[in-house]
1. So ASP93 passes all but one of these: (1) in contact (Cβ under 8 Å) with a residue 24 or more places away in the chain; (2) within 12 Å of the ligand (Cβ to nearest atom); (3) over 20 Å from the mean Cα position of the chain (by Cα). Which condition number does it fail?
2. Against the definition (part of a strand (DSSP E or B) and either out of contact with any helix residue (DSSP H, G or I) (no Cβ under 7 Å at 6 or more places or on another chain) or loosely packed, with under 13 Cβ neighbours inside 10 Å (or both)), how does ILE191 come out, yes or no?
3. Select from region 159-188 the residues that are part of a strand (DSSP E or B) and touching a residue at least 24 places away in the same chain (Cβ under 8 Å) and write down the one among them that is nearest to GLY213 (Cα to Cα).
4. Out of LEU104, LEU75, LEU45, report the one residue that is more than 23 Å from the chain's Cα centre (by Cα) and of a type in the set (A, V, I, L, M, F, W, C).
5. Report, by residue number, each residue of region 205-232 that is among the aliphatic types (A, V, I, L, M), within 22 Å of LEU147 (Cβ to Cβ) and in contact with a strand residue (DSSP E or B) (Cβ under 8 Å, 6 or more places away or on another chain).
6. Run down ILE173, ILE109 and say which single residue is under 21 Å from VAL44 (Cα atoms) and crowded, with 17+ Cβ neighbours inside 10 Å.
7. Residue check, PRO110 against (1) more than 16 Å from the ligand (Cβ to nearest atom); (2) closer than 20 Å to LEU33 by Cα; (3) in contact with a Gly (Cβ under 9 Å, 6 or more places away or on another chain), all met but one. Which one?
8. Find the residue count for region 127-148, including only residues that are surrounded by 14 or more Cβ atoms within 10 Å (Cβ to Cβ) and either more than 15 Å from the ligand (Cβ to nearest atom) or under 18 Å from VAL21 (Cβ atoms) (or both).
Amino acid sequence: MARFPFLGADTSRRIAEADSVAVIGLGRFGSALALELVAGGTEVLGIDVDEELVQSLNGELTQVVRADSTRGEVLQQLAVDEFDRVVVAIGGDISASILTCSVLLSMKIPVIWAKAVDDRHGLILEQLGVHHVIYPEKDMGRRVAHLVRGAALDFIEIAPGYALVKAPVPSSIQGTPLGETGLRKKYGVTIAAYHHEGGSWTNADNTTVLEEGDMMLVAGPTSEAESFAQLR
Ligand code: ATP
């Protein structure tokens, strides 16, 4: 029988009414996600079967409770069915991940995010009807490959084939207003933002003049944005 040392159904009902998310599985991924949500002002109900983990996050999340999420009646008691957004961050135990998602889907949670450890796991979650399936290891591996390969200091692919890349400003466009560099025509990219050394990030426009030592945020098709970021 699951125990609920820190939580009454009334408390979780109150959390569900606020700008809130339930995070199930508080391993490295789930706890990082939950803590970041809390840091941004979102109320978080954290659930994990591991007592020690639950104890360690007590006080860090809005509420944290030890429970087995594969059991529908337990999630019901915790008022998880009243949340609009639930994240399932269980990876290693694929059957627990699938069972949990299936319980949540039967509760008609409007938006379910679930982590998949590989394509097979992800396919099952998608076929079940999970709204957002995420592949943290795969996505991070691909992202780091772009960082390792080029001069990019940060890289994010917004959608397949379109990226935002952070890189130093190449000498060929230094000292010229962006509107006069012709870089959209020449390189197929846009500089969305920049920052001067010691300054803060600012939106770029046609009149922006970048200097040596500035950093830029390039938006464009992945290969073009990456090639442009490699210019010196
Ligand atoms: P990470 O990489 O995020 O550390 P992982 O991919 O190794 O995690 P797991 O270890 O399977 O994934 O699960 C993450 C967390 O989910 C663990 O803390 C585990 O205790 C918890 N968990 C696993 N099964 C259940 C369950 N049935 N109910 C609640 N929590 C669960």
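1. (1)
2. Working: part of a strand (DSSP E or B): yes; either out of contact with any helix residue (DSSP H, G or I) (no Cβ under 7 Å at 6 or more places or on another chain) or loosely packed, with under 13 Cβ neighbours inside 10 Å (or both): no.
Taking the combined requirement at face value, the residue does not satisfy it.
3. Residue satisfying both the conditions and the ranking: PRO168.
4. Numbers: LEU104 fails: more than 23 Å from the chain's Cα centre (by Cα); LEU45 fails: more than 23 Å from the chain's Cα centre (by Cα).
When all the criteria are applied, what remains is LEU75.
5. Result: LEU210, MET215, MET216, LEU217, VAL218, ALA219, ALA225, ALA229.
6. Numbers: ILE173 fails: under 21 Å from VAL44 (Cα atoms).
After ruling out the rest, the residue left standing is ILE109.
7. Going through (1) more than 16 Å from the ligand (Cβ to nearest atom); (2) closer than 20 Å to LEU33 by Cα; (3) in contact with a Gly (Cβ under 9 Å, 6 or more places away or on another chain) one by one, PRO110 breaks only (3).
8. Residues in region 127-148 being surrounded by 14 or more Cβ atoms within 10 Å (Cβ to Cβ) and either more than 15 Å from the ligand (Cβ to nearest atom) or under 18 Å from VAL21 (Cβ atoms) (or both): 9 in total.
The values are calculated or read from the model by the stated rules, or taken from the named source; none is laboratory data. Just so you know, these numbers come straight off a predicted model, no measurement behind them. A quick note on method: Cβ atoms are made from the backbone with ideal geometry, for glycine too, and the neighbour counts reach across all protein chains shown.
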